[in-house]
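The values are calculated or read from the model by the stated rules, or taken from the named source; none is laboratory data. Model, not experiment: these values are computed from the prediction. Neighbour counts are summed over all protein chains in view; Cβ atoms, including those assigned to glycine, are modelled from backbone coordinates with ideal geometry.
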Amino acid sequence: MPRILVKTSFGPYVVALLALLATFIVVGMLESTGIDLPSAILLYLVPIVLAASRWGRGPAIVTAVVSLLGHDLLFVEPRGTFNVARADEALGLVLLLFTALLTAQLADGARRGAETARDAAIVRRSDALKTAILRAVTHNLRTPLASIKASVSGLRQPGATYSEADRADLLAEIEEEVDRLDRLVTNLLDASRLEAGGLRPSTHPQDLRELIAAVVDRLAPRLAGRAVRVDIPEDLPPVACDYAQIDQVVTNLLENAALHTPVGTPITLQASTQRDAVRVAVVDGGPGIPEVERERLFRAFERGQTRAPGTGLGLTIARGFVEAHGGRLWLEDAPERGARFVFTLPAA
Amino acid sequence: MSGERVLVVDDEPQIRRALRVVLRASGYAVTEVGSGEAALDAAATEPFDLMILDLMLPDVEGVEVCRRLREWSRLPVIVLSAHDEEDIKVRALDEGADDYVSKPFSAPELLARMRSAVRRSSFDSAPAEPVVRAADGEVEIDLARRVVMRAGEEVHLTPTEYDLLRFMASQAGRVITHGHLLRTVFGDGYVDANAVLRVHVASLRKKIEPDPGRPRIILTEPGVGYRLRVD
């Protein structure tokens, strides 16, 4: 209930009364210059309308009452006494109060209208985002399902004649697509946990050399036919990280390089110490990625020009994990050609 | 084996690979491209008997490919669509696509649609058959004499019902969208009058279907239109 908060905080009252004080000073100055101000009362509308339109009814009423009483006290003869019992003074007070209430009500209506419109816009935007994500997920699920279905039903189709090579091709396709679905499900789970803030890393000092060697070993089948060079100094200090999450980061970066560069393209893994952080780079000798495309690739379900069958989540998740460790992950030009993905982790 | 030439247009390499192997095993000669522009180029420079067109392409939308192709070619087109792309699918059919298959599709289903699309396109160049038979010969639509017979007896149709049936018979086997039917039979003012169409189709089914509750001749394509099944 933000409106109640507005009413109970004293800030608006203080500001309104300061504005009123300024008005009294102005009225006093005008009076001292000898200018006759029978309608000085109009000047008080300035702080009143200001208070009413900005902070609502409470500050407006207080400003109205204080302005009239103050005027009465300071400027109406006999000075130093209240004359509210006089008809003209009473009428003035009623008019100021009426203005204060009316303005507050109008401003309140306008404010509420704006709030409603803003809420509706936020709901619309987040609905549009959800729809976009849902569409992307269904597309990413449906494509492998469609090729599995086409392959399996093709193999089972009576009357079709498949060579050994064709049969092997279709079976390989089915296996690859099932693996892709599996990666997608894992990535979706990670992404939703990251989103919910539920993937806080449990950090322990880890030897990145060992971690990277293990990942390269595990991914050997996917990296077949490529020269994979690991270039890490022996004295690399340990980093404080969650083994499973950084394993996933390195895995996603390597899979990304394998997916988006032609078979045979070399991949290099480098690590170095940078002040109190360790910097890891995955460099490929592929075609590289134009600067304008780079940040887009880290958004969920954005895919690069190669249209390779990725999950659209690998880089998003890798960045999420690295940032959860207090590090950064970005993409830059490789020294000669290709792309260089770099991430940093705080040293242990 | 048929040896017909198929142009497969899909931006997903895995789908292309599966289709290539499966269609080749059924005797088709397969050419594959990954974008709409490449599809239009290929269709313009090489002879094909059929195009299989994914609706979600990175460059030119599938619907746009249909529209541009129809400016100069009658190449039969089967679109591949996902379940949440109903509206795009209908637009593609309105722009001249011949049929659609929803993803994920099975190979036999796609192959059946392909055979029927190729068969129809060879009919299209031949003069129209004057008598169309449906429901195992129980129903005969004689387009030359404007007579519809069911089980040997003449069926009395209103002029609108006859126009509807005649148009569907002229497109026998093909999906006809609601919009296409309404424009052709009722005129331009009725393009959104799906309810009107439903009423006429229902009364037509009552007169010619052996079991109007389970239509065998005028089939409903949910969300898209109708298809007249002939023998």
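Quick notes on this structure:
- Screening B:224, B:185, B:175, B:191 for residues that are at pLDDT below 85, touching a helix residue (DSSP H, G or I) at 6+ places or on another chain (Cβ under 9 Å), within 23 Å of residue B:97 (Cα to Cα) and not assigned by TED's automatic domain parsing to the domain that holds residue B:94 leaves exactly one candidate, B:191.
- Considering (1) more than 14 Å from chain A (Cβ to nearest Cβ); (2) surrounded by fewer than 20 Cβ atoms within 10 Å (Cβ to Cβ); (3) modelled with pLDDT of 90 or more, the lone condition that residue B:65 does not fulfil carries the number (2).
- Look at (1) part of a helix (DSSP H, G or I); (2) in contact with a helix residue (DSSP H, G or I) (Cβ under 6 Å, 6 or more places away or on another chain) and you find that residue A:269 fails only one, number (1).
- Residues satisfying the criterion are absent from the stretch A:67-76 (criterion: surrounded by 12 or more Cβ atoms within 10 Å (Cβ to Cβ), under 39 Å from the mean Cα position of the chain (by Cα), at pLDDT 80 or above and not small (Gly, Ala, Ser)).
- If the condition is being within 14 Å of chain A (Cβ to nearest Cβ) and among the hydroxyl-bearing types (Ser, Thr, Tyr), then the stretch B:68-99 contributes only B:81.
- Members of the stretch B:51-96 found to be of a type in the set (Gly, Ala, Ser) and within 18 Å of residue B:222 (Cβ to Cβ), listed by number: B:81, B:82, B:92
- Qualifying residue in the stretch A:266-289 (condition: under 30 Å from residue A:185 (Cβ atoms), small (Gly, Ala, Ser) and buried (at least 22 other Cβ atoms within 10 Å of the Cβ)): no
- Scanning the stretch B:65-82 for residues that are under 26 Å from residue B:106 (Cα atoms) and of a type in the set (Gly, Ala, Ser) turns up B:81, B:82.
- For the stretch B:181-194, the criterion of being over 14 Å from the mean Cα position of the chain (by Cα), without any contact (Cβ under 8 Å) to a residue 24 or more places away in the chain, exposed (fewer than 12 other Cβ atoms within 10 Å of the Cβ) and outside any helix (DSSP H, G or I) is met by at least one residue.
- Set A:188, A:170, A:184: member being facing chain B (nearest Cβ under 8 Å), crowded, with 16+ Cβ neighbours inside 10 Å and within 23 Å of residue A:310 (Cβ to Cβ): A:170
- Candidates A:294, A:218, filtered to the one that is modelled with pLDDT under 90, out of contact with any Gly (no Cβ under 7 Å at 6 or more places or on another chain) and under 30 Å from residue B:57 (Cβ atoms): A:294
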